[in-house]
Every structure is written in structure tokens, then in C-alpha cells.
Amino acid sequence: MKPSRETAVQGPVWFSEADVTRLLSASALIERLEAAFRDADAGRLTEPRPLRIDADAHGANYVAFSAYWPAHRLATTKVLSGVIGNPGRGLPKIDAVIVVMDAMTGRIRAIMDGRRITALRTAATTALACRALGMKRDGVLALVGTGVQLLAHAETMTSGAEAGTILIASAGDNLARARASADLVCDRLGRPAVAVPRGQALAEADTIVLSTISDDPVLRPGDTKADAVIASVGPFHPGSTEIDPAVIRSASAVLSDMPGRLADQWTAHPTALGENNHRLADMQAVIAGRATVAKTGLRVFLSDGRSIEDLVAASLVLEAAAAAGIRGLPLP
């Protein structure tokens with residue numbers, strides 16, 4: 001008996017964390033993210049509000065992020081969980097998978113490890129935002145926080161010689177953790193990275209990336225150069241902040257990849273942004289040329305994360321896999 005057309009069609013495949021790491025290029029990711037933000041600004045990309053459930057009993061949230069990009073004939077949904085207490089259990093704070101669908105046929109093409117994609121697309125968005133804010137390309141880069149985002153940002157922020165000196169600091173000022181992270185950066189990237197106390201990293205850096213899980217500010221007024229670019233990417237649950245709101249209020253520019261959702265999250269802190277609550281710039285509008293931000297003075301990027309960022313990363317994984325002849329692991 002001849003197989004039916006339906007059974008002859010190849011089913012979805014699995015791309016692991018190792019696959020994603022091997023296939024996803026930081027420079028390509030930054031370039032395509034820029035195109036996606038332009039398309040989103042022009043209404044050529046669909047991105048509904050995420051569906052979120054908060055489970056206070058577990059200190060957890062469960063979220064579905066969906067996006068559709070007609071230009072690439074793809075739709076994606078990332079299913080993500082975030083549990084505040086997991087690091088204390090020796091487990092990742094975030095777990096996620098990304099389901100990739102052919103937009104024309106609706107068939108599921110792939111399921112991908114979402115943690116690595118989340119880390120890399122977050123870092124690429126940070127790099128794009130810092131460029132928009134006029135970061136000093138060959139300046140001193142400080143990475144504060146020794147979790148999964150540190151290595152992703154080290155990889156991405158230094159692609160194309162984005163930074164000169166790399167300083168690594170622990171949010172809790174644990175120099176041993178900072179040294180271990182600096183050694184990892186050196187080993188993976190072949191670039192020197194120096195472990196220093198947090199205060200030194202903040203004071204000497206031209207660009208600062210905070211990727212901590214701290215509920216208390218690790219950066220306060222006067223900690224940095226007057227013209228530093230600061231990216232806060234660590235907190236993912238409402239009410240948390242790793243940067244003192246006074247720093248945000250004093251900034252010459254405040255940029256976000258999702259200012260509407262971010263503003264909603266900050267409603268419990270009505271004075272947090274101060275006047276900058278009304279000047280919070282939309283990253284996609286800046287990239288599309290509809291808005292401008294100051295490129296001098298203290299500038300801040302507040303990362304929130306968007307569905308289109310996951311879609312961009314997933315599309316590049318599929319293309320790189322096809323070019324390399326990698327099919328992924330078949331799913332039952």
C-alpha cells in the first residue's frame with residue numbers, strides 16, 4: 001500500500017541547546033532583529049500580547065509568547081516558565097521550548113530548546129539597543145551577574161569588536177564567582193576578561209549589562225560614569241529591579257523593546273520612572289527612524305523581551321540547519 005500524502009510528510013524535529021549554540025550566529029541575529037523591529041513598526045509582523053498565568057503559591061509564572069512574520073512564512077510560540085526559587089534548588093530559573101510552524105500549511109516544523117535561544121536573542125537585543133543609544137564600540141564593557149545571560153552577552157556584545165576590555169563582576173560581589181565566569185569567557189571566546197569587584201566594574205565601564213536575579217538594586221546613582229550606557233536585562237517578574245529607579249529618573253534616555261508592557265509592570269511603582277515614564281522610548285520606533293533618543297549623558301535600556309525576538313532566532317536556526325544539512329532529531 002502506498003503511503004498517504006499525510007504520512008509521507010516529514011514531522012517536526014528537535015533542536016537541542018547544543019544545536020542552537022552551533023547554528024545561531026550573533027551577528028546574523030542582530031541584523032535580522034533590526035529587520036524584524038522595522039517590520040513590526042510598519043505593521044508587517046503580528047505579535048499578540050503574551051498569555052500569562054502567575055502562580056504565587058509556587059513563586060512561578062507560565063507564559064506563552066506568539067508571533068507571525070509573513071516575510072519568512074513562519075509562526076512561533078514560546079512556552080516559558082519562570083520560578084523564582086529554582087536557583088536555590090539547583091534548577092534553572094527559566095525553562096522554555098519554542099514551537100516553530102510553517103505559516104502557510106500550519107504544520108509544526110520544529111521544536112527548539114528555548115533557554116539558549118532566550119539567552120542569545122536577549123543578548124542580541126541588548127547589543128542592538130546599546131547601538132541605538134550610541135554606545136562606545138571599543139570601550140570598556142562590564143558584565144554584572146554570573147548566570148546564563150553573562151556568557152550570551154559576552155558572546156554577542158563582543159561580536160564585531162563591540163567592546164575592548166571586558167570586566168566581570170558578581171551581583172553579590174563574590175570575586176570567586178566572578179573569576180570563574182571570567183575564565184569561562186576567556187575559554188569560550190578566546191578573549192581576555194578580568195574579574196573585578198562590582199564597584200570597580202560599574203565605575204570604569206562605558207557600557208554596563210546587568211543580568212542579575214537581584215530584587216535589590218545593584219547599581220545606584222553615582223556608581224557609573226556620567227555618560228555610561230546601562231542595560232538592565234535580569235529581572236523578568238513585575239516588581240523586581242536590579243537598577244535603582246533614581247538612576248532611571250536621571251537618565252537622558254530610557255529605551256525599551258516593549259515599553260507598553262514595561263510601563264504596566266511598573267504601575268505598582270508610580271514614581272519609579274518619574275518624568276521618564278512619559279519619555280520611555282520604543283526601540284522599534286527608534287530603529288525605524290520614527291523616534292530619536294539622546295546619545296549623550298547617562299542612557300538606559302530596560303529589556304523586557306518580545307515574541308518576535310524568539311521568532312527571529314528560530315528562523316535563523318532553521319536556515320543555518322538547512323544550509324549545513326542538519327535535520328535535527330526526529331520527534332515521535
| query | Does Leu29 qualify as being touching a Leu at 6+ places or on another chain (Cβ under 7 Å), among the aliphatic types (A, V, I, L, M) and either touching a residue at least 60 places away in the same chain (Cβ under 8 Å) or more than 25 Å from Thr146 (Cα to Cα) (or both)? | reply | yes
| field | Filter pass, Ala132 being under 16 Å from the mean Cα position of the chain (by Cα) and crowded, with 18+ Cβ neighbours inside 10 Å | value | yes
| If you take the residues in the range 226-237 that are surrounded by fewer than 17 Cβ atoms within 10 Å (Cβ to Cβ) and either assigned to a helix (DSSP H, G or I) or not acidic (Asp, Glu) (or both), which one is modelled with the lowest pLDDT? | His237
| task | Please determine, by comparing only the residues of the range 47-105 that are basic (Lys, Arg) and crowded, with 17+ Cβ neighbours inside 10 Å, which one is nearest to Ser16 (Cα to Cα). | result | Lys78
| field | Search result, residues across the range 189-205 that are within 23 Å of Ala129 (Cβ to Cβ) and surrounded by fewer than 21 Cβ atoms within 10 Å (Cβ to Cβ) | value | Leu189, Arg191, Ala203, Glu204
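Working carefully through the options Asp183, Asp102, find the one that is free of Cβ contacts under 8 Å to residues at least 24 places away in the same chain and either more than 18 Å from the chain's Cα centre (by Cα) or more than 18 Å from Val300 (Cα to Cα) (or both).
Unique residue meeting the criteria: Asp183.
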| task | Would you point out which residue out of Asp113, Asp102 is in contact with a Leu (Cβ under 9 Å, 6 or more places away or on another chain), among the charged types (D, E, K, R) and assigned by TED's automatic domain parsing to the domain that holds Val20? | result | Asp102
| request: Return yes or no: is Ala67 touching a Pro at 6+ places or on another chain (Cβ under 7 Å), in the same structural domain as Ala320 (by TED's automatic domain parsing), modelled with pLDDT of 95 or more and not polar (S, T, N, Q)? | output: no
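The values are calculated or read from the model by the stated rules, or taken from the named source; none is laboratory data. Since we're looking at a predicted model, the values are computed, not measured. Cβ coordinates were reconstructed from backbone atoms using ideal geometry, including for glycine residues, and neighbour counts include every protein chain displayed.
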